[in-house]
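**Q** Can you keep this structure in mind? I'll have questions shortly.
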Amino acid sequence: MPIQSFWTDTITIIRPGTKISRGSTVPDWDASKTHNISGCLIQPQSSTLDQGGRLAVSESISALLPPQADVIEGDRIIFDGAVFVIDGAPLPSKSPSGQISHIRLSLRRWSG
C-alpha cells in the first residue's frame, strides 16, 4: 500500500510482557518491549481541563496506522513524548481499492 504523502508521523508501541498474579495472567510493564511504526497520521480530537482541587488535563487523539501495523489491545503508544493508552480496540478499515486501508486507534492520556 502506498503511504499517503501526509501520513508522516512515527509512533512507538509499548507492549507489556505478562506475569501471573493471584492465579491470573496480567500485564507486566517492567518486561515491556517497544517497536516503531512509521507512515502514521495523528490528529487531535479533544482536550479537557479540570481545576477542581488540582490541575488535571485529559487529551484524546486519533491515530491512523498502515493496515499491516503491529498493534494490539492493551498496547500503549508514545507520540511526541507523551504516553497514550488505546481507548477501545484497534479498528481495521479496508478501502475498496486498498489504497487507503488503515487501522484507526482512539488514544487518550491524562496528566495532573
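**Q** Restricting attention to the alpha-carbon atoms of the chain, what are Rg (one decimal) and Dmax (integer), both in Å?
**A** When restricted to Cα atoms, the chain yields Rg and Dmax of 15.9, 52 Å.
**Q** Right, another one. Can you work out the Karplus-derived ³J(HN,Hα) for every residue in the range 67-80? Use 6.51 cos²θ - 1.76 cosθ + 1.60 with θ = phi - 60°, whole Hz, and x for glycine or proline.
**A** For the range 67-80, the Karplus-derived couplings read x, 9, 4, 8, 9, 9, 4, x, 5, 10, 10, 10, 9, 6 Hz, x marking Gly and Pro.
**Q** Could I ask something else about it? Residue by residue, what Karplus-based ³J(HN,Hα) values in Hz, rounded to whole numbers, does the range 38-46 have, using 6.51, -1.76 and 1.60 with θ = phi - 60° and x for Gly and Pro?
**A** These are the phi-based 3J(HN,Hα) values: 9, x, 9, 10, 10, 10, x, 10, 7 Hz.
**Q** In addition: How far apart, in nm, are the 7 Å Cα→Cβ label points at Ser95 and Ser47?
**A** In this crude label model, Ser95 to Ser47 measures out at 3.0 nm.
**Q** Out of residues 5 or more away from Lys19 or on other chains, whose amide H comes under 5 Å of its own, with H placed 1.01 Å from N in the peptide plane?
**A** When sequence neighbours closer than 5 places are left aside, the close amide H contacts are Val26, Asp28.
**Q** Can you run phi through the Karplus equation (6.51, -1.76, 1.60; θ = phi - 60°) for the range 82-89 and list ³J(HN,Hα) in whole Hz, with x for Gly and Pro?
**A** 10, 9, 10, 9, 7, 8, x, 10
**Q** Also, I was wondering about something else. For Asp87, list long-range residues whose amide hydrogen, built 1.01 Å from N in the peptide plane, is under 5 Å from its own amide hydrogen.
**A** Ser106, Leu107, Arg108
**Q** For the pair Val57 and Thr18, what calculated FRET efficiency results from E = 1/(1 + (r/R0)^6), where r is the Cβ-Cβ distance and R0 = 35 Å, to the nearest 0.05? Provide the component values of the computation, followed by the final result.
**A** Values: r = 31 Å, r/R0 = 0.88.
FRET efficiency, Thr18 to Val57: 0.70.
**Q** Also, quick follow-up: Which order, highest average first, do 98-108, 77-87 follow once you tally other Cβ atoms within 10 Å for each residue and take the mean per peptide?
**A** Values: 98-108: 16.7, 77-87: 15.1.
Listed from highest to lowest mean packing, they are 98-108, 77-87.
**Q** I've got another one for you. Could you work out the local net charge near Arg76, counting Lys and Arg as +1, Asp and Glu as -1, over the other residues with Cβ closer than 15 Å to its Cβ? Write down the numbers at each step before the final one.
**A** Details: positive: Arg15, Lys33, Arg108, Arg109; negative: Asp28, Asp30, Glu59, Asp70, Glu73, Asp75, Asp80, Asp87.
With Lys, Arg at +1 and Asp, Glu at -1, the neighbours total -4.
Every read-out reported here was derived from the displayed coordinates using simple, explicitly stated rules and does not represent laboratory data. Bear in mind the structure is a predicted one, so any value in this text is a computation, not a measurement. Using ideal geometry, Cβ is built from the backbone for each residue, glycine included, and neighbour counts are taken over all protein chains shown.
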